[in-house]
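J.: Before I ask anything, here is the structure I am working with.
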Amino acid sequence: MAQKLYRKPLQKLEQQGVLQVTALVDRHASHAGSLHTFFPHAVVYEDLRRALEGGQSDLSLILSPTQLHAEQSVLALRYNNHVLCEKPMAVSVAQCDEVISAANEMGRVLAVGMIRRFFPAFAHLRELVVSGELGEIHSFSYREGKVFDWDVKTLAGFTRHPEGGSGLFFDIGPHALDYLIWLFGVPEVISYADDALVGGVEGNVVMELTSPVSPGSVQLSWDSPLRNELRVIGSAGEAVLRIDESDRLALSKSAGFKEVAIDHAYPADLHQPARQRMSPRLYTESLYCQLIQVARAIQLGEPPAVSGEEAKECVRVIESARRRARPIDMPWLDCDEQEAYQALHWTKA
Amino acid sequence: MIGTITIVGAAGFVGRRLVESLVLDDRTDVRAVVRAHRSLAGLARLGPAVSVWLADAEDRASLVPALQGSSVVVNLTNGPPAGIMPSTRSILEACVAADVPRLIHISSAVVYDEVLSPTLDDDSPPLTQHWMPYAKAKASAEIWLREQLAVVPCQIAVLRPGFVWGVRSPHTMSVINSLLEKRAYLIRDGQGVFNSIYIDNLVACIRTCIDHPDDVRGFYNVADREFVTWRDFYSALAEPLGYDMSQMPSVSGDRFPWSVRAALEYVQLLPVMNDLYYWLRGRLPDRVKSRMKKLLLGRYEYGREVTSYVTQPTVDREVWHLQKVVHKLPTTKFAGKFGFTPPLTFEEGIRRTVHWLAFLGSVPSPTTVLTQHE
């Protein structure tokens, strides 16, 4: 992840003198080695504690597999580092509390990486919802799915861990839920179903939610193409947000949909108020804005885009959903296959 | 046959369904061989019943340990045409090196193009001159495998399905999207033969070959039992998808109607374009690449339902040829050898596909559709 997404924004921030990458940590030093080419002044470590003991860093970026997020975040905070932790912050609410406590005790910034908050169209839709331009919200449906093609380097996300943290729901789920929470408030989970057998991790998820604003549904998939969109239906209009694009949003108020011109911009420097702003069009540009926001939180005392408390709500919804888990109905299977699938579903273990 | 069943290329849609079918049948001796970690996303839900190996199908050395101890290997690799012959060769050679007694290789009926002769049978030579690189590569692989049939100790069974349709089929999704977006068309009014097999019928064929107690070597056409035209297929999906078949444009089959998009797609198939793509990808600024991608993807339909029908459709060259198939390939050889009848009817395949479409949300009103088909 660091190599694919964070390298370019970090290089740019180094060039601008905003930060300097001082340490690269990976259990396999060879993985960090390829990144080292771009950050030759950084020291490569195979152990986070040793890197922190070096005492060179002020900010730790936790980009490791989900199961390690809480433990590594707490460790970094205890070593007096500010932390930007990739989503989700932890695999349980209890773990979230530990991280938040550590941040509070140490007086450090705890930010959670929810990159989509830095997608201009996503922010624009929120403005439409909050301003009441769509009227009273009647319903929403969120669909995100395609055949998984992320170039992952480990099996961590595909291996079931008793405490959670792997599978589709911990991968895309936090993105979807954090955004829906940002739009509509913390929802109650009405139903949750997935397709994982005992010892496996889900490749499909369907949920029904009731948010403080309206009821809605979420469908996620790692193995089937879905219409990647969030559709919000209000009394004064309907909006469709393209989930797979950072800058595509359409609005229908009477006849037909029209794409909205997106110009939402984020601070792009450390001045107060910002002298430069950016409307990102690329994933790496959104990451750049997210990193700038973390730097502003540290330097200017601004709140991070997503605090630990906010990110905890997302984990709370995930926990709540998993408690309600049942198998997805698959009427396209043979009858005996359906029976076997129901019997082998992880909830029967 | 008892022992480990190893599926090379298990992450494709046929592979995933085959593995799922075996696991749900309580087979715990299933091994999935895939090229990259990411390929496991579609299999990870099945848990530890499937053991996983990472290996490159074009690299014999990495395959041999992955195939060791297998009683049967199924080749379901589905990469770019340039990789078909090398992977076919390395998989068979690895089977021989690992003493695997049986290899089931999945070819394609596209090696007979439009099936112009009624006398084509399972052992007719494939066409070596074909406009489509994929078909040419599949034909070359078949020719090479036929040469190996009597030479290698491993039993080679080559299955030759036509259009594999149904749940999770990318080809079926293309048809469904064309109907949903009202840009579908039929060549010669859809009277061409839908030389096809429902995914579960193909999986049943493969499993029959896996479990057969006797020597299975040979080449076999496999297909659904019914005679179905392309019009039949589109019509069966049209109703649940809200498509009015009376609006369906018919395109002449006499001469391919070239368009800018068809020309672009043809150019993309040229091997040199692959190199050019990677050359450009490394040099173009990210914002330019992003804009180009959006342009190529075309207009997005935001409405819940498209109401206007395309009358002058943009024709895909592969679809144009597929819809001009003249004869149904015989499947009597497979039926006779294995005593096999495809378990699912065309109607049942459609019913299952529509259930899946309802799950995906492609069918506007799932409840209505489920009621209609139950």
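The values are calculated or read from the model by the stated rules, or taken from the named source; none is laboratory data. Quick caveat: nothing in here was measured; it's all calculated off a predicted structure. Cβ: placed from backbone, ideal geometry, glycine included. Neighbour counts: every protein chain shown.
J.: Which of the residues spanning the stretch B:312-335 are outside any loop (DSSP other than H, G, I, E, B) and within 21 Å of B:Tyr134 (Cβ to Cβ)? Outline the logic, then answer.
T.: To start, the set of residues in the stretch B:312-335 that are outside any loop (DSSP other than H, G, I, E, B) comprises B:317-322, B:332-335.
Answer for the stretch B:312-335, where residues must be outside any loop (DSSP other than H, G, I, E, B) and within 21 Å of B:Tyr134 (Cβ to Cβ): B:Arg317, B:Glu318, B:Val319, B:Trp320, B:His321, B:Leu322.
J.: Here is a further query. If a residue has to be part of a loop (DSSP other than H, G, I, E, B), within 11 Å of another protein chain (Cβ to nearest Cβ) and touching a strand residue (DSSP E or B) at 6+ places or on another chain (Cβ under 6 Å) to count, how many in the stretch A:237-259 make the cut? Give the derivation first.
T.: Start the filter on the stretch A:237-259 by keeping residues that are part of a loop (DSSP other than H, G, I, E, B), which leaves A:243-248, A:253-257.
Within this subset, residues satisfying the condition of being within 11 Å of another protein chain (Cβ to nearest Cβ) are A:244-248, A:255-257.
Now restrict to residues that are touching a strand residue (DSSP E or B) at 6+ places or on another chain (Cβ under 6 Å): A:248, A:257.
Residues that pass the stated criteria total 2.
J.: Of everything in the stretch B:301-313, what is away from chain A (no Cβ under 11 Å) and exposed (fewer than 13 other Cβ atoms within 10 Å of the Cβ)? Give them in sequence order.
T.: Let us first name the residues in the stretch B:301-313 that are away from chain A (no Cβ under 11 Å), namely B:305-306, B:308-313.
Residues satisfying the conditions are B:Glu305, B:Ser308, B:Thr311, B:Gln312.
J.: When only residues in the stretch A:130-165 that are buried (at least 21 other Cβ atoms within 10 Å of the Cβ) and among the aliphatic types (A, V, I, L, M) count, which is farthest from the other protein chains (Cβ to nearest Cβ)?
T.: A:Ile137
J.: Out of curiosity, is B:Val216 more than 14 Å from chain A (Cβ to nearest Cβ), closer than 19 Å to B:Val74 by Cα, in contact with a helix residue (DSSP H, G or I) (Cβ under 6 Å, 6 or more places away or on another chain) and part of a loop (DSSP other than H, G, I, E, B)?
T.: On the way: more than 14 Å from chain A (Cβ to nearest Cβ): yes; closer than 19 Å to B:Val74 by Cα: yes; in contact with a helix residue (DSSP H, G or I) (Cβ under 6 Å, 6 or more places away or on another chain): yes; part of a loop (DSSP other than H, G, I, E, B): yes.
For B:Val216, the condition - more than 14 Å from chain A (Cβ to nearest Cβ), closer than 19 Å to B:Val74 by Cα, in contact with a helix residue (DSSP H, G or I) (Cβ under 6 Å, 6 or more places away or on another chain) and part of a loop (DSSP other than H, G, I, E, B) - is met.
J.: Can you run down the residue pairs with Cβ atoms below 6 Å, 6 or more apart or on separate chains, where the first is in the stretch B:62-77 and free of Cβ contacts under 8 Å to residues at least 24 places away in the same chain and the partner is part of a loop (DSSP other than H, G, I, E, B) and among the hydrophobic types (A, V, I, L, M, F, W, C)?
T.: As it stands, the answer is B:Ser62/B:Ala55, since those pairs meet every condition given.
J.: Applying the selection to the stretch A:211-223, what residues are out of contact with any Pro (no Cβ under 6 Å at 6 or more places or on another chain) and either away from every other protein chain (no Cβ under 12 Å) or part of a strand (DSSP E or B) (or both)?
T.: Pass one, the stretch A:211-223, residues out of contact with any Pro (no Cβ under 6 Å at 6 or more places or on another chain): A:212-223.
Result: A:Pro212, A:Val213, A:Ser214, A:Pro215, A:Gly216, A:Ser217, A:Val218, A:Gln219, A:Leu220, A:Ser221.
J.: Just need a number here: residues in the stretch A:245-261 that are out of contact with any Ser or Thr (no Cβ under 7 Å at 6 or more places or on another chain) and in contact (Cβ under 8 Å) with a residue 40 or more places away in the chain. Steps first, answer last, please.
T.: Of the residues in the stretch A:245-261, the ones out of contact with any Ser or Thr (no Cβ under 7 Å at 6 or more places or on another chain) are A:245, A:247-261.
Narrowing further to those that are in contact (Cβ under 8 Å) with a residue 40 or more places away in the chain: A:245, A:247-249, A:251, A:260.
The number of residues fulfilling the criteria is 6.
J.: Let me ask another. Kindly provide the set of residues from the stretch A:27-46 that are free of Cβ contacts under 8 Å to residues at least 24 places away in the same chain and of a type outside the set (Gly, Ala, Ser), ordered by number.
T.: The answer is A:Arg27, A:His28, A:His36, A:Thr37, A:Pro40, A:His41, A:Val43, A:Val44, A:Tyr45, A:Glu46.
J.: Can you name the condition, by its number, that A:Arg227 falls short on among (1) facing chain B (nearest Cβ under 10 Å); (2) surrounded by fewer than 20 Cβ atoms within 10 Å (Cβ to Cβ)?
T.: With respect to (1) facing chain B (nearest Cβ under 10 Å); (2) surrounded by fewer than 20 Cβ atoms within 10 Å (Cβ to Cβ), A:Arg227 is out only on (2).
J.: Please pick out the residue among B:Pro249, B:Pro240, B:Pro257 that is surrounded by 14 or more Cβ atoms within 10 Å (Cβ to Cβ), modelled with pLDDT of 95 or more and over 20 Å from the mean Cα position of the chain (by Cα).
T.: Values: B:Pro240 fails: modelled with pLDDT of 95 or more; B:Pro257 fails: modelled with pLDDT of 95 or more.
After applying the criteria, what remains is B:Pro249.
J.: Could you check B:Val52 against (1) out of contact with any helix residue (DSSP H, G or I) (no Cβ under 8 Å at 6 or more places or on another chain); (2) within 14 Å of chain A (Cβ to nearest Cβ) and say which number it fails?
T.: (1)
J.: Among the residues of the stretch A:289-333, count how many are over 21 Å from A:Leu13 (Cα atoms), crowded, with 17+ Cβ neighbours inside 10 Å and without any contact (Cβ under 8 Å) to a residue 40 or more places away in the chain.
T.: 2
J.: Is it the case, given these coordinates, that B:Ile187 is under 18 Å from B:Gly162 (Cα atoms) and buried (at least 24 other Cβ atoms within 10 Å of the Cβ)?
T.: No; evaluated as a whole, the condition is false for this residue.
J.: Also, I was wondering about something else. Provide a single number: the residues in the stretch A:290-325 that are in contact with a Phe, Trp or Tyr (Cβ under 6 Å, 6 or more places away or on another chain), within 30 Å of A:Ser191 (Cβ to Cβ) and either within 14 Å of chain B (Cβ to nearest Cβ) or in a helix (DSSP H, G or I) (or both).
T.: Going residue by residue through the stretch A:290-325, those that are in contact with a Phe, Trp or Tyr (Cβ under 6 Å, 6 or more places away or on another chain) are A:290, A:321, A:324-325.
This time we only want the ones that are within 30 Å of A:Ser191 (Cβ to Cβ), so: A:321, A:324-325.
Now restrict to residues that are either within 14 Å of chain B (Cβ to nearest Cβ) or in a helix (DSSP H, G or I) (or both): A:321, A:325.
Number of matching residues: 2.
For every residue, the table says whether it meets (1) polar (S, T, N, Q); (2) modelled with pLDDT under 95.
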| position | (1), (2) |
| --- | --- |
| B:Ser21 | yes, no |
| B:Arg31 | no, no |
| B:Arg38 | no, yes |
| B:Pro48 | no, yes |
| B:Arg60 | no, no |
| B:Pro65 | no, no |
| B:Asn78 | yes, yes |
| B:Thr88 | yes, no |
| B:Val100 | no, no |
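J.: Go through A:Leu226, A:Leu230, A:Leu180 for me and flag whichever is assigned to a strand (DSSP E or B) and either farther than 20 Å from B:Gly47 by Cα or of a type outside the set (D, E, K, R) (or both).
T.: Working: A:Leu226 fails: assigned to a strand (DSSP E or B); A:Leu180 fails: assigned to a strand (DSSP E or B).
Testing whether each residue is assigned to a strand (DSSP E or B) and either farther than 20 Å from B:Gly47 by Cα or of a type outside the set (D, E, K, R) (or both) leaves just A:Leu230.
J.: Between B:Leu22, B:Leu76, which is within 13 Å of chain A (Cβ to nearest Cβ) and out of contact with any Ser or Thr (no Cβ under 7 Å at 6 or more places or on another chain)?
T.: On the way: B:Leu76 fails: within 13 Å of chain A (Cβ to nearest Cβ).
After applying the criteria, what remains is B:Leu22.
J.: Find the residue count for the stretch A:266-289, including only residues that are in a strand (DSSP E or B) and within 12 Å of chain B (Cβ to nearest Cβ).
T.: Taking the stretch A:266-289 first, the residues in a strand (DSSP E or B) are A:266-267, A:277-278.
Going one step further and asking which of them are within 12 Å of chain B (Cβ to nearest Cβ), we end up with none.
Qualifying residue count, the stretch A:266-289: 0.
J.: Now for a different question. For the structure I just gave you, tell me whether A:Leu230 is touching a Leu at 6+ places or on another chain (Cβ under 8 Å), among the hydrophobic types (A, V, I, L, M, F, W, C) and farther than 26 Å from B:Ser39 by Cβ. Write out each step before concluding.
T.: Values: touching a Leu at 6+ places or on another chain (Cβ under 8 Å): yes; among the hydrophobic types (A, V, I, L, M, F, W, C): yes; farther than 26 Å from B:Ser39 by Cβ: yes.
Here the answer is yes, as A:Leu230 does meet what is asked.
J.: Output the residue which, of all residues in the stretch A:192-212 that are within 22 Å of the chain's Cα centre (by Cα) and hydrophobic (A, V, I, L, M, F, W, C), is nearest to A:Ile172 (Cα to Cα).
T.: Out of the qualifying residues, it is A:Val205.
J.: Follow-up. What residue, among those in the stretch B:235-265 that are in contact with a strand residue (DSSP E or B) (Cβ under 9 Å, 6 or more places away or on another chain) and assigned to a loop (DSSP other than H, G, I, E, B), is farthest from B:Thr311 (Cα to Cα)?
T.: Among residues in the stretch B:235-265 that are in contact with a strand residue (DSSP E or B) (Cβ under 9 Å, 6 or more places away or on another chain) and assigned to a loop (DSSP other than H, G, I, E, B), the one farthest from B:Thr311 (Cα to Cα) is B:Gly253.
J.: Can you spot a residue in the stretch B:289-300 that is loosely packed, with under 12 Cβ neighbours inside 10 Å, of a type in the set (D, E, K, R), assigned to a helix (DSSP H, G or I) and within 14 Å of another protein chain (Cβ to nearest Cβ)?
T.: Of all residues in the stretch B:289-300, those loosely packed, with under 12 Cβ neighbours inside 10 Å come to B:293, B:295-299.
Among the residues that remain, those that are also of a type in the set (D, E, K, R) are: B:293, B:299.
Checking the rest, the ones that are also assigned to a helix (DSSP H, G or I) come to B:293.
Filter again for within 14 Å of another protein chain (Cβ to nearest Cβ), leaving B:293.
Yes, there is a match, as at least one residue in the stretch B:289-300 is loosely packed, with under 12 Cβ neighbours inside 10 Å, of a type in the set (D, E, K, R), assigned to a helix (DSSP H, G or I) and within 14 Å of another protein chain (Cβ to nearest Cβ).
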